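The values are calculated or read from the model by the stated rules, or taken from the named source; none is laboratory data. In this text the structure is predicted, and so the values were computed from the model without any measurement. FYI the Cβ positions are ideal-geometry reconstructions off the backbone, even for glycines, and counts take in every protein chain you see.
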Amino acid sequence: MSWEFKSPHPHFFMIVLKITNASEVMASKLGKFLESLTPDALDQSTIEDIVLKKLVENLQAEGLKGEVASVRGLELEEKELVMHEGLRVRRHHTF
């Protein structure tokens, strides 16, 4: 007897992107002094917004259609996706 996984949506897949250096990128763009005045949460949100915008532009240029989202409460740890309480979509774009 063999077992085969059959996805209800065989043509859908998801890519999870974890940004780990938002503060460093903000510091390089703004300078150390201005970066020290901005909270890390603002750095992360700003970088996420920039990445989502560029990602959508590049995927559209390749003719791809889909959705991208910035999600709070979901964490990538090694090969595991960990869902935390308060899971929510912060930003969503359809392209």
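Worth pointing out:
- Glu4 being within 29 Å of Glu80 (Cβ to Cβ), of a type outside the set (Phe, Trp, Tyr) and modelled with pLDDT of 80 or more: no
- Taking each residue of segment 61-89 that is touching a residue at least 40 places away in the same chain (Cβ under 8 Å) and farther than 20 Å from Phe13 by Cβ and looking for partners that are of a type in the set (Ser, Thr, Tyr) and not in a strand (DSSP E or B) with beta-carbon atoms closer than 6 Å, six or more apart or interchain, yields nothing.
- Residues that are in a loop (DSSP other than H, G, I, E, B) and surrounded by 12 or more Cβ atoms within 10 Å (Cβ to Cβ), drawn from segment 56-94: Gly66
- Residue satisfying all of: in segment 41-55; farther than 18 Å from Met14 by Cβ and aliphatic (A, V, I, L, M); surrounded by the fewest Cβ atoms within 10 Å (Cβ to Cβ) among these: Ala41
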